[in-house]
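Chemist: I'd like to ask you about the structure that follows.
The values are calculated or read from the model by the stated rules, or taken from the named source; none is laboratory data. All values derive from a computational prediction rather than experimental measurement. Note: ideal-geometry Cβ built from the backbone for every residue, glycine included; neighbour counts use all protein chains shown.
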Amino acid sequence: MEAAFYLLLVVGHLGAFDVLYFHIYKCTLARRPECHKEVLWHTIRHLIYACQFLIIANLRFHGWWLLFLAVLFSADVYVAWSDVWEETASRKSQGGLPRGEYFMHIVLSLLVGSYLLLVLQTVWPDRLLPSSIMIQPPHVPFLLRSYMNVMGVTAVMAFTYDFYHWFQDGIRYKLLNKAAAQS
């Protein structure tokens with residue numbers, strides 16, 4: 001699981017850059033009502049990656065528990081697909097995705113695909129073991145594993161913060177639309 005760990009570490013940093021630079025700084029997605037659905041997909045992705053950071057850094061699933069990983073990875077793919085689908089409409093008023101962000105998404109997609117393949121290759125033999133969840137961290141330096149745990153906790157906090165604000169913005173947007181319709 002070591003190779004998958006290191007690849008996830010790279011994906012996590014590139015994803016954080018994508019969020020901080022493109023989503024928050026350059027495109028200010030959370031402030032744009034037309035981007036509200038896209039922001040929800042990004043928010044859900046925080047939770048999905050929080051789970052992946054914490055699982056890959058600490059646990060090993062055996063037997064039927066591997067279905068949990070399959071569901072988690074399927075959710076990741078579904079959210080990524082839904083985000084791409086939403087971006088066309090969401091970013092129309094901005095002239096579409098900035099080229100750098102589009103390139104970042106291509107790179108991240110390739111890396112995530114490689115990461116998922118590495119995890120699959122690593123855990124495939126574990127499907128035959130008795131069903132269990134083992135505390136079995138990969139053989140990586142303790143500080144890196146601790147760092148990935150911090151990334152997981154930070155992603156949970158980002159999910160909580162962003163979901164709260166996404167929900168509040170949704171209420172505000174509905175009230176503004178209602179007031180505009182009455183005018």
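Chemist: Residues I44, I56, I48, I24: which one is touching a Pro at 6+ places or on another chain (Cβ under 8 Å) and among the aliphatic types (A, V, I, L, M)?
Modeler: Values: I44 fails: touching a Pro at 6+ places or on another chain (Cβ under 8 Å); I48 fails: touching a Pro at 6+ places or on another chain (Cβ under 8 Å); I24 fails: touching a Pro at 6+ places or on another chain (Cβ under 8 Å).
When all the criteria are applied, what remains is I56.
Chemist: Take the conditions exposed (fewer than 15 other Cβ atoms within 10 Å of the Cβ), modelled with pLDDT of 95 or more and in contact with a Lys or Arg (Cβ under 9 Å, 6 or more places away or on another chain) and apply them to Q121. Does it pass? First the steps, then the outcome.
Modeler: On the way: exposed (fewer than 15 other Cβ atoms within 10 Å of the Cβ): yes; modelled with pLDDT of 95 or more: yes; in contact with a Lys or Arg (Cβ under 9 Å, 6 or more places away or on another chain): no.
Taking the combined requirement at face value, the residue does not satisfy it.
To keep it simple, each residue is scored yes or no on (1) polar (S, T, N, Q); (2) in contact with a Pro (Cβ under 8 Å, 6 or more places away or on another chain); (3) assigned to a helix (DSSP H, G or I).
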position: F68; (1), (2), (3): no, no, yes
position: S82; (1), (2), (3): yes, no, yes
position: W85; (1), (2), (3): no, no, yes
position: L97; (1), (2), (3): no, no, no
position: E101; (1), (2), (3): no, no, yes
position: S109; (1), (2), (3): yes, no, yes
position: L118; (1), (2), (3): no, no, yes
position: Q121; (1), (2), (3): yes, no, yes
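Chemist: On to the next question. What number goes with the only condition from (1) modelled with pLDDT of 95 or more; (2) assigned to a helix (DSSP H, G or I); (3) not hydrophobic (A, V, I, L, M, F, W, C) that P138 does not pass?
Modeler: (2)
Chemist: Another question, if that's okay. Looking only at residues in region 77-96 that are touching a residue at least 40 places away in the same chain (Cβ under 8 Å) and not hydroxyl-bearing (S, T, Y), which one is surrounded by the fewest Cβ atoms within 10 Å (Cβ to Cβ)?
Modeler: Here is the first cut: in region 77-96, the ones touching a residue at least 40 places away in the same chain (Cβ under 8 Å) are 82-83, 86-87, 89-94.
If we keep only those that are not hydroxyl-bearing (S, T, Y) as well, we get 83, 86-87, 89, 91-92, 94.
Values: D83: 19, E86: 18, E87: 20, A89: 12, R91: 19, K92: 10, Q94: 15.
If we take residues in region 77-96 being touching a residue at least 40 places away in the same chain (Cβ under 8 Å) and not hydroxyl-bearing (S, T, Y), then K92 is surrounded by the fewest Cβ atoms within 10 Å (Cβ to Cβ).
Chemist: So F61 passes all but one of these: (1) within 19 Å of T160 (Cβ to Cβ); (2) surrounded by 18 or more Cβ atoms within 10 Å (Cβ to Cβ); (3) of a type in the set (A, V, I, L, M, F, W, C). Which condition number does it fail?
Modeler: (1)
Chemist: Sticking with this structure for a sec: Among the candidates A50, A30, which residue alone is touching a residue at least 40 places away in the same chain (Cβ under 8 Å), surrounded by fewer than 19 Cβ atoms within 10 Å (Cβ to Cβ) and under 14 Å from F159 (Cα atoms)?
Modeler: Values: A50 fails: surrounded by fewer than 19 Cβ atoms within 10 Å (Cβ to Cβ).
Criteria check complete, one pass: A30.
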